[in-house]
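Have a look at the structure below before the remarks.
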Amino acid sequence: MKTLNIGIFAHIDAGKTTLSERILVEGGVLRREGSVDSGTAATDFLAIERARGISVRDATVTFAYNGTAIDLIDTPGHADLSEETELAMAAIDAAVLVVSARDGVEAQTELLLSMLEARRLPFAVFVNKCDLEPDPSAVTAALLSRIGREVLSCNTPASLPSPAFEEDAVTALSDEALLEGYLAGTLSEERLRSALTQACSEGKIVPLLYGSARTGAGVRELLFVLTSYFSFQRHEDAPFSAFVYQVEHRPNLGKLAHIRLFGGTLSVRQEVENARTGSLFKAGQLKRIRGGKYEDTDLLRDGETGAVAGLSDVRAGDFLGAPPPVFYTVPEAYLRVQVTAEPDKLPALKAALEELSDEWPSLALEWVPEKRHLSVAIAGSVQAEVLKDTLLERFRLNAAIGAPSVVYRETIARPAWGFECYTMPKPCWAVVKFYLEPLPPGSGLVYESVCSEKKIAYRYQEHVRVSVPRALEQGRLGWKVTDLKVTLVDGEDHPQHTHPLDFFVATPMGIHDGLRNAGSVLLEPVLRLSLTAPEQAMGKLLSALRERRAVLDPPVVEGGAFSLEADIPAGETFGLNELAASLSGGRAAFLLKLKGYYPCPEGVGEARGRVGVDPLDRSLWILHARGAYKK
């Protein structure tokens, strides 16, 4: 039986979870579909999801349909929870994008389309709620203008003319041999299906279907298209390779890593390497999820998803074994909140947040022991509310979530040299000379060594390479340093006196000497705003955005509504959701995505105090780095 990993994605309230429920009914997993609003949806199994009526975590269910074993991943639709969406996209073969016929292409839909395009993921589109909007011609036109691939209509609502499927399929395939066969009447169904399967699986053709998850219209046709026109090669004889798309903690099972295999197989007690940490572990229990329940299995095969116990240091987004053919990076945080509790509950709160950081790596937990200060990164108010509810319901901790603050960055003002000669107190010997150069916004950190291995041996140069990004986690203004090139130009080790840790001690001192000489520029996060709202609210909304230092693209007016793209500093977005709602009668929808970090205007932003020992406090730093300083 072939396997197929499918993710369901949509803007919030487009009917994504309702469609997942209807698919599970058709697949024989459920007798009747649950309801999001009543909290009975099978894929919304957490208490917080049932209480709020929204999806918070990815949920996987396995079932069989039309000779295909399908692993279905239902994802959250809210933009604040897009980390789960990105993790799911890295684990699937193909996607189903759900679009509401009544609400059309919304801000989150635009983002999802761009994410699918960036990964070149194969996908199908399901235009939902056609029972509420019988004429989906407007949303169809919007989709066709935004999907940069061939689109093939596979069914149609009663209001639109029936597609000539075979003719449209041949046209979409753009194959002369197929066209000749079609015109001659010799094109077989098998040959056409084979060509469509290859084109859909390679992402060249996007099947488009209409229906209603509520009534079930179009759902069987969707499942037929998925199982008939999407097929992917498996490589069980290849080395083991997997991606961790979710981590969860269960009282009776402990820590579970949900993985998608991209090569080989995994059996109980098989040794597994975590590529991020280099740690080796033996796989414990293996689970498959069927009908919302965990079932034991002895083997996971390429292309399958499953849950693995026994991987203690794993977190979501990790790669296991050989590198899989997918990419994933933890989303960069631009807002942080302080999390507090009663003093006697602080150790439990820290432990809870550490556990949640394995599930949501983007939380980027920071603990400052000197101040007994805990903070995490968040994407918005909904995620903050979810975090607070999770701490209360799961850990029985009544934590307070503070007001969000902006995460700034810094860069250097000009080129400069950095130097450190660490030769005392002996035994030690590490000399480093760096050249620091500013780079354009968005460049990040670039490192290069032009130092001869005759001066610094290769193994010590590796110590320098690893130490440079660590040293730049806090610059002279207290923020992470970015958009610069660091070149190791010269240096020296000693055959007798150099200790294996010496270059780990010297590198931060040399880097911060360079930062001091270069001067610092404070950078603020700037977001890309996508906004849609009624046309009559345009004047007030544009005025409000300009007051918040937004740089606006020309608005586009169509059908009584307008859409707009703009760049806006993250610090100016606090309360923007409530303001947009009040100015538009609750009908504005917008999406924010980090664009990059740019210099702050004078009087905006702030330096922050350094956490820990300053490498420019040379004596104290050496004691600290050698483990001899205890505050």
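Normalised by the number of residues in region 519-631, the average gap of Cα pairs under 8 Å and 6 or more apart makes the relative contact order 36 percent.
Using a probe of 1.4 angstrom and keeping all protein chains present, the accessible surface of region 412-571 works out to 46 square angstrom per residue.
The dipole here belongs to the chain: it is taken about the Cα centre, uses +1 on the Cβ of Lys and Arg and -1 on the Cβ of Asp and Glu, and is about 1900 debye. Pairs over the 19 Å Cα-Cα cut-off, from the set K255/K287; K255/K282; K480/K595; K2/K255; K540/K593: K2/K255; K540/K593.
Computed from point charges on the beta carbon alone (+1 for Lys and Arg, -1 for Asp and Glu), the dipole magnitude for region 353-411 about its Cα centre is near 220 Debye. Rounded to the nearest 10 degrees, the inclination of helix 16-26 to the longest alpha-carbon principal axis of the chain is 50 degrees. Each Lys or Arg adds one and each Asp or Glu takes one away; over the other residues whose Cβ falls under 11 Å from the Cβ of V431, this sums to -3. Couplings for region 418-428, taken from phi via the Karplus curve 6.51 cos²θ - 1.76 cosθ + 1.60 with θ = phi - 60°, read x, 9, 8, 10, 9, 10, 9, x, 5, x, 6 Hz in order; Gly and Pro are left as x.
Between E273 and R465, the modelled label-to-label distance comes to 1.6 nm, taking each label 7 Å out from Cα in the direction of the beta carbon. Taken over the Cα atoms of the chain, the convex hull encloses 190 Å³ per residue. Working from label points 7 Å from Cα in the Cα-to-Cβ sense, the H494 to A628 distance is 1.5 nm.
Rounded to the nearest 10 degrees, the angle from helix 458-471 to the longest Cα principal axis of the chain is 70 degrees.
For K388, the lysines whose Cα comes closer than 19 Å to its Cα, not counting residues fewer than 8 places off in the same chain, are K345, K350. Counting only protein heavy atoms and a 1.4 Å probe, region 299-404 has 43 square angstrom of accessible area per residue. Say a paramagnetic label sat at a point 7 Å from the Cα of E354, along Cα to Cβ; which residues of region 253-275 have their backbone N under 18 Å from it? Residues 254-256 qualify, since their backbone N sits under 18 Å from the label point.
Compared with the direct C-alpha span, the chain from L132 to V446 gains 107.7 nm at full extension, assuming 0.36 nm per residue. On the basis of the beta-carbon distance and an R0 of 25 Å, V604 and A413 show a calculated FRET efficiency of 0.90. Of S530, L346, H463, which is farthest along the charge dipole of the chain in the positive direction, counting Lys and Arg as +1 and Asp and Glu as -1 at C-beta? After comparing all options, I get L346. Taking label positions 7 Å along the Cα-Cβ direction at both T215 and C421, the computed distance is 8.5 nm, reported to one decimal.
The loop-placed trypsin sites (Lys or Arg not before Pro) in region 297-397, going by DSSP, that have at most 13 neighbouring Cβ atoms within 10 Å of their Cβ come out as K371, R372, R396. For region 84-131, applying the loop criterion from DSSP together with a ceiling of 11 other beta carbons within 10 Å to the trypsin sites (Lys or Arg not before Pro) yields R120. Against the chain, whose longest principal axis is taken from its Cα atoms, helix 381-395 shows a tilt of about 80°.
Here K16 is the anchor, and the lysines within straight C-alpha reach of less than 18 Å, apart from those fewer than 8 places off in the same chain, are K129.
What the Kirkwood sum gives for region 459-606 is a hydrodynamic radius of 18.8 Å, with every pair of different alpha carbons counted. Taking a straight line from the alpha carbon of K455, these lysines sit under 29 Å away, with near neighbours fewer than eight places off in the same chain left out: K426, K433, K485.
Count charges around L616 for me, please; just the other residues with Cβ under 11 Å from its Cβ, Lys/Arg as +1, Asp/Glu as -1. Net of charged neighbours comes to 0. Which one, S241, G211, N274, projects farthest toward the positive side of the charge dipole computed for region 157-279 from Cβ point charges (K/R +1, D/E -1)? Farthest towards the positive pole: N274. Assuming charge only on the beta carbon of Lys and Arg (+1) and of Asp and Glu (-1), the dipole of region 341-456 about its Cα centre is about 520 debye to the nearest 20.
Local charge for A364 was computed over the other residues whose Cβ lies under 14 Å away, with Lys and Arg +1 and Asp and Glu -1, and equals -3. Only DSSP H runs of four or more residues enter the estimate; each adds -39500 (n - 2.57), and after division by the residues of the chain the mean residue ellipticity at 222 nm equals -8500 deg cm²/dmol.
Solvent-accessible surface of region 134-230, averaged per residue with a 1.4 angstrom probe and all protein chains in place: 49 square angstrom. In sequence order, region 312-323 has phi-based couplings of 5, 9, 7, 9, 4, x, 6, 10, 10, x, 5, x Hz under the Karplus curve 6.51 cos²θ - 1.76 cosθ + 1.60, θ = phi - 60°, and Gly or Pro positions carry x. Taking the protein heavy atoms of region 457-575 in the context of the full set of protein chains, the accessible area attributed to carbon and sulfur is 51 percent at 1.4 Å.
The values are calculated or read from the model by the stated rules, or taken from the named source; none is laboratory data. No experiment lies behind these values; they were computed from the predicted model shown. When we count neighbours, we look across all protein chains shown, and the Cβ atoms used for this are built from the backbone with ideal geometry, even at glycine. In case anyone asks, the SASA skips ligands and DNA or RNA and just uses the protein heavy atoms, side chains included. Shrake-Rupley method; radii C 1.70, N 1.55, O 1.52, S 1.80 Å.
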